[in-house]
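The values are calculated or read from the model by the stated rules, or taken from the named source; none is laboratory data. Just so you know, these numbers come straight off a predicted model, no measurement behind them. Note that each Cβ is placed from the backbone with ideal geometry, even for glycine, and that neighbours are counted across all protein chains shown. To get the accessible areas, we keep the full protein, side chains included, count just its heavy atoms, and leave off ligands, DNA and RNA. Shrake-Rupley method; radii C 1.70, N 1.55, O 1.52, S 1.80 Å.
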Amino acid sequence: MSAPHHPATPPATPAPDTRAPAPAKTTGTPAPAPEDRAEEATREDGGGGTAPEDRAGTTAPGDHRTGTAHGAGAPGAERAGRRGRGTLLTAALLAVLLLLCLLSAALGAYHLPPGDILTSVQHRVGLGGHALERSAESVLWNIRLPRVVLALLVGASLGCAGALMQGVFGNPLAEPGVIGISSGAAVGAVGAIALGLDFLGTWTVALCAFLAGLATVTAVYVLSRSGGRTEVVTLILTGIAVNAFAGALIGLFVFFADNAQITEITFWQLGSLAQATWPKVLAVLPFALAGLAVAPFWARRLDLLALGERPARHLGVDVERLRLVLILVVALLTAAAVAVAGVITFVGLLVPHLLRMAHGPGHRFLIPGSALGGAVVLVAGDLAARTAAAPAELPLGVLTALFGSPFFFWLLRSRARLPPAGPAPPWGGGCSTARSRRTAPGRARRGRRGAERRSGCRPAEGGRRRGRRRAGTAGAGRRAVRR
């Protein structure tokens, strides 16, 4: 009887019960609280949380194993998926842009086969091919291609300027016209036409528009600066006042202009690329390339600015310098575009919206993607303006406003599906407070929650926040018990 007793006792108490907590004790630290596990998960993820739009599938914060799996594996897959989506969107935009450029060079009153266009381009760059007949070569290189290249530069400038403005102001409704760049450039052009200025020949109107746009931005920034700082609300209100003043000046110039000048003013204000030439392309090229090259270097700081001005300052961002530099870049891009193409609306407003819906609010993709998207929109719009009412030509600014305003109304109606205008911080894709809590330990939790609400961020998933607002002494008692 004792023989069966001996083997029966060891399996009765094997290691499952006693060794179950062993994995938690191997670290030598007590089991972390839920919010500490959330912070550890964000640290493993590179310091960031989960984006608000990606939190639907997260696991329950109280489950230790699922929380660990989520913190270690899901964010990495999430970032990889976001990078893959960005690469796919960039490739798609480039493919569509190349196709539209080929179609825009081929279609028109004088039809050119796409094969002949490619052959002529190969011949010009020394890669074989052959020259076309004289009339076809002249139409392609003196009329079509300057217009296509100018549409690329103007569209990329307007799209990039729109993305920068929305990032600087933290508002998806911002565009370059908010601070008076477009209206200031229009005052310069309309004044040059109405006063009959001709000191630089055909360049007079473009130069006056460019200088007036830059002067308007400078005036808005100086007038809105107070106490060594520039507040966003003051900047916007000053821009509204300057826009109203510019509209009054344009009306005054139109009142004193004759019929021929009024016709030229109206045509310029409607926006068009009909006067595109290679000298105009070369005039816009350095400003456009300079602005498009500088803008992506500020993408990470714009992501940090989305958390709010105070958190961004605690994270090392010079907000005043950031705002000044990017406003100057926006002024450079917009004034150069408006000077040669007139007033073209909705490009800088809609393109960043669409890309934010397709990819997310991170500026590292949004800024170059908006430049590509703006070029696509303007090349397609110019092609439609030339061919929709042939042999007449529709004003490009009218066409973009005609299609852009209903589309923008649809965007407003579907606003609930849009990510916040402020982009996610660059260390993981979401608006996490773990990094700001470690960087600025002396700040009050209530101040951080206010910054989160202003920037559209929510705490990372993975635990309940102990700093939630409670009313009365009961809330204070519950917090004390939880500690």
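When Thr230 is tested against (1) touching a Gly at 6+ places or on another chain (Cβ under 9 Å); (2) at pLDDT below 85; (3) polar (S, T, N, Q), just one condition goes unmet, and that condition is (1).
Here the condition is being assigned to a helix (DSSP H, G or I), surrounded by 14 or more Cβ atoms within 10 Å (Cβ to Cβ) and polar (S, T, N, Q); of Thr216, Thr263, it holds for Thr216 alone.
Being closer than 19 Å to Gly291 by Cα and either in a helix (DSSP H, G or I) or acidic (Asp, Glu) (or both): is that true of Ala384 here? So Ala384 does not fit the description; no.
For (1) open to solvent by 40 Å² or more (accessible area, probe 1.4 Å); (2) modelled with pLDDT under 90; (3) touching a His at 6+ places or on another chain (Cβ under 9 Å); (4) over 21 Å from Asp382 (Cβ atoms), each residue gets a yes or a no:
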site: His123; (1), (2), (3), (4): yes, yes, yes, yes
site: Val139; (1), (2), (3), (4): no, no, no, no
site: Ile181; (1), (2), (3), (4): no, yes, no, yes
site: Gly188; (1), (2), (3), (4): no, no, no, yes
site: Phe199; (1), (2), (3), (4): yes, yes, no, yes
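Close Cβ contacts (under 7 Å, 6 or more residues apart or on different chains) running from residues in region 266-278 that are at positive phi to residues that are not in a helix (DSSP H, G or I) comprise Gly271/Gly342; Gly271/Val343; Gly271/Ile344; Gly271/Pro395.
Pairing residues of region 174-201 that are within 19 Å of Ala257 (Cα to Cα) with residues that are of a type in the set (Ser, Thr, Tyr) and surrounded by fewer than 24 Cβ atoms within 10 Å (Cβ to Cβ), at Cβ distances under 8 Å and at least 6 apart in sequence or on separate chains, gives Ala192/Thr204; Leu197/Thr204; Asp198/Thr204.
So for region 364-379 (the condition being modelled with pLDDT of 90 or more and surrounded by fewer than 18 Cβ atoms within 10 Å (Cβ to Cβ)), does at least one residue qualify? Scanning region 364-379, I find at least one residue that is modelled with pLDDT of 90 or more and surrounded by fewer than 18 Cβ atoms within 10 Å (Cβ to Cβ), so the answer is yes.
The combined condition, being open to solvent by less than 10 Å² (accessible area, probe 1.4 Å), of a type outside the set (D, E, K, R), modelled with pLDDT of 90 or more and in a helix (DSSP H, G or I), is fulfilled by Val281.
With the structure loaded, tell me whether Gly155 is open to solvent by less than 10 Å² (accessible area, probe 1.4 Å), under 30 Å from Ile117 (Cβ atoms) and in a helix (DSSP H, G or I) or whether it fails that test. The answer is yes for Gly155.
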